[in-house]
Amino acid sequence: MEVTPGSSDDGKQLSSLLSQTQANGISVTEIIGDTAYSGKDNLAEMKKETIQPVVPLNPIVHHGGERQEGFEYNKDADFMVCPAGQHSTRKAMQGSKQSGKSRSLVFYFDVEKCKACPLSEGCYKRGSKSKTYSVRIIAEHFKEQIEFELSDTFKERIKRRPIIEHKNAEMKRFHGMATAKYRGLFRMRIQAYLTAFVVNVKRMVKLVEHKQPALE
Ligand code: SF4
């Protein structure tokens, strides 16, 4: 488990989650996750570790070019967050539909906020009528994963992904995780770790009971 601010990119947690899992003695041969984990670096890391990535590709996550420092994509809300914490207000696809190579997804920011922004140097050009942030979409970097996504194996394995959502729902509905009980990451970590501990213990008890039914 990793606890991060709501605006951070889930995909960046993959390395740390993988290390935690391996440090706990679990050999990882497959990772099933949502689109947030389908970034180029994550796919490369899984390949290096001979782990099968069962993660659907997302055109925004599997971008080609380098991202400008400090801009983060929030996949749940589908907007870009700039270094000053401003959310993009809209997005548009640019480029030819026929050529995946030249297409870009462009996110637009509110220039009124940029005009008053202390971080505008090198980001917003004074007098400009718009401030945009573009993500290039380069399909060939993901050829192997695009092919795997079409396979029967992928379609079968990805069906297991909702299992974790049931666990998340259990934590939210029955153990208070729908609401942040405290402010600050440190305190939120305590709430999250203890909640995870509780649902894990419940699961362990269930497994033990299943293996060793209580004597009548
Ligand atoms: S200039 Fe605009 S886009 Fe750039 S950091 Fe400031 S608010 Fe964000």
Kindly express, to the nearest 10 degrees and within the range 0 to 90, the angle between helix 162-175's C-alpha long axis and the longest C-alpha principal axis of the chain. 80 degrees
Straight-line reach from LYS48: which lysines have Cα under 16 Å away, leaving out those fewer than 8 places along the same chain? LYS40
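Please give the charge dipole size of the chain, origin at the Cα centre, charges +1 on K and R Cβ atoms and -1 on D and E Cβ atoms. Round to the nearest 20 debye.
Numbers: 35 positive and 26 negative charges, 140 e Å.
Charge dipole of the chain: 680 debye, to the nearest 20.
Counting Lys +1, Arg +1, Asp -1, Glu -1, what net charge surrounds VAL201 among other residues with beta carbon under 14 Å of its beta carbon?
Details: positive: LYS167, LYS202, ARG203, LYS206; negative: GLU170, GLU209.
Net of charged neighbours comes to +2.
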Potential extension, ALA178-ILE26 segment - 0.36 nm per residue separation minus Cα distance: 51.8 nm
Using just the helices of the chain, give the 222 nm mean residue ellipticity in deg cm²/dmol: DSSP H runs with n ≥ 4 each add -39,500 (n - 2.57), and the total is spread over all residues, rounded to 500. -11000 deg cm²/dmol
Angle check, please: helix 14-23 long axis (alpha carbons) against the longest principal axis of the chain (alpha carbons), in degrees 0 to 90, nearest 10. 20 degrees
Lys, Arg +1 and Asp, Glu -1 on Cβ, resulting dipole of region 161-208 about Cα centre, debye, nearest 20: 80 debye
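Restricting to Cα pairs below 8 Å that are 6+ residues apart, what does the relative contact order work out to for the chain? Please round to a whole percent. Intermediate values should be presented prior to the final figure.
Working: 255 pairs, mean separation 35.8, N = 216.
Normalised by residue count, the contact order of the chain is 17 percent.
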Apply the Karplus curve 6.51 cos²θ - 1.76 cosθ + 1.60, θ = phi - 60°, to the phi angles in region 106-115 and return the couplings in whole Hz, x for Gly and Pro. 10, 9, 10, 10, 6, 5, 4, 6, 5, 4
Between MET204, MET188, MET46, where does the largest GNM mean-square fluctuation fall for the chain, given springs only between Cα atoms within less than 10 Å? MET204
Near SER19, within a Cβ-to-Cβ distance under 14 Å, what is the net charge of the other residues, with Lys and Arg +1 and Asp and Glu -1? -1
Using a Gaussian network model on the chain with a 10 Å cutoff between Cα atoms, which of ASN74, ASN42, ASN200 fluctuates the most? ASN200
Descending packing, highest mean Cβ count within 10 Å first, for 144-155, 30-41 is 30-41, 144-155
For LYS131, distant residues with modelled amide H under 5 Å away: PHE109, VAL111
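Taken together, the values in this text are just the output of simple stated rules run on the coordinates, not laboratory data. Small disclaimer: the values here were computed from a predicted structure and weren't measured. When we count neighbours, we look across all protein chains shown, and the Cβ atoms used for this are built from the backbone with ideal geometry, even at glycine.
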